[in-house]
Amino acid sequence: MTFKEKVTNLLEEGLQEKPSLFLVDLSISESYKITVTLDGDTGVNLQDCIDVSRVIETNLDREEQDYSLEVASAGVSTPLKLVRQYKKNVGRTLKVKTATETIEAKLEAATDDSITLSWTAREPKKIGKGKETVEHKREIPYSDIKEAIVIIIFN
């Protein structure tokens, strides 16, 4: 079993104990720096990171392979990668970049194939002068999304 396979198995074991958490990213550098990025259906707290870190650390032998380990939550400005992340952020405002445009809108729905965004915009009237408020709603397949970031709004 390779070092990466061993770490992956230990990580899966640690996440089974906390079903609300899920893996966003795992990387192991050539110098054996292990970086684990987690997210959770109800967020990730410090204790979650500590618990997952302990599962990995207690089952790896530094005598066998020297390594460093970093377990962290996906940051506020980290782009969404997984369908599960989109689903947990329904109702929040996203900034979504596609190949042709950038849309800042409310995430209305997230299915296994696409997301639905809604927003209002001031646009020129079709007849006459001035502008009118227009409601937009668009479904975007995940394959068309280049980047999506949750926008934090302070009231």
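The values are calculated or read from the model by the stated rules, or taken from the named source; none is laboratory data. The shown structure was predicted, so the numbers you read here are calculated from the model rather than taken from an experiment. Don't worry about glycine lacking a Cβ; one is built from the backbone with ideal geometry, like all the others, and counts go over all protein chains shown. Protein only, heavy atoms only, side chains kept; ligands, DNA and RNA dropped before computing areas. Shrake-Rupley method; radii C 1.70, N 1.55, O 1.52, S 1.80 Å.
For region 64-133, applying the loop criterion from DSSP together with a ceiling of 12 other beta carbons within 10 Å to the GluC sites (Glu not before Pro) yields E64, E101. Axis angle, to the nearest 10 degrees, between helix 46-59 and the longest C-alpha principal axis of the chain: 40 degrees.
Annotation for K81 and K146: the two label points, set 7 Å from Cα along the Cα-Cβ direction, are 2.0 nm apart.
About its Cα centre, the chain has a charge dipole of approximately 1320 debye under the convention of +1 per Lys or Arg Cβ and -1 per Asp or Glu Cβ, with nothing else charged.
Over the chain, what percent of the accessible surface lies on carbon and sulfur atoms, probe 1.4 Å?
Numbers: 4640 of 9820 Å².
C and S atoms contribute 47 percent here.
Mind listing which GluC sites (Glu not before Pro) in region 1-33 are in a DSSP loop and have 14 or fewer other Cβ atoms within 10 Å? Don't jump to the answer; show the numbers that get you there.
Numbers: sites: E5, E12, E13, E17, E30; in loops: E17, E30.
Passing sites in region 1-33 are E17, E30.
For the options K18, K126, K81, a Gaussian network treatment of the chain with springs between C-alpha atoms closer than 10 Å singles out K126 as fluctuating the most.
In the structure displayed, which of K33/K95; K106/K126; K18/K146; K95/K125; K95/K137; K87/K146 lie more than 22 Å apart, Cα to Cα?
Long pairs (Cα-Cα over 22 Å): K33/K95; K106/K126; K18/K146; K95/K125.
Along each principal axis, taking the top coordinate minus the bottom one, the Cα set of the chain gives 78, 29, 26 Å in descending order.
Only helical runs count toward this figure. For the chain, summing -39,500 (n - 2.57) over DSSP H runs of n ≥ 4 and dividing by all residues gives -6500 deg cm²/dmol at 222 nm. The residues of region 25-118 expose, per residue, 55 Å² of accessible area to a 1.4 Å probe.
FRET efficiency for the D41 to K125 pair, using the beta carbon distance and R₀ = 25 Å, is estimated at 0.05.
A crude spin-label estimate for the pair E104 and L26, with each label 7 Å from Cα along the Cβ direction, gives 3.7 nm.
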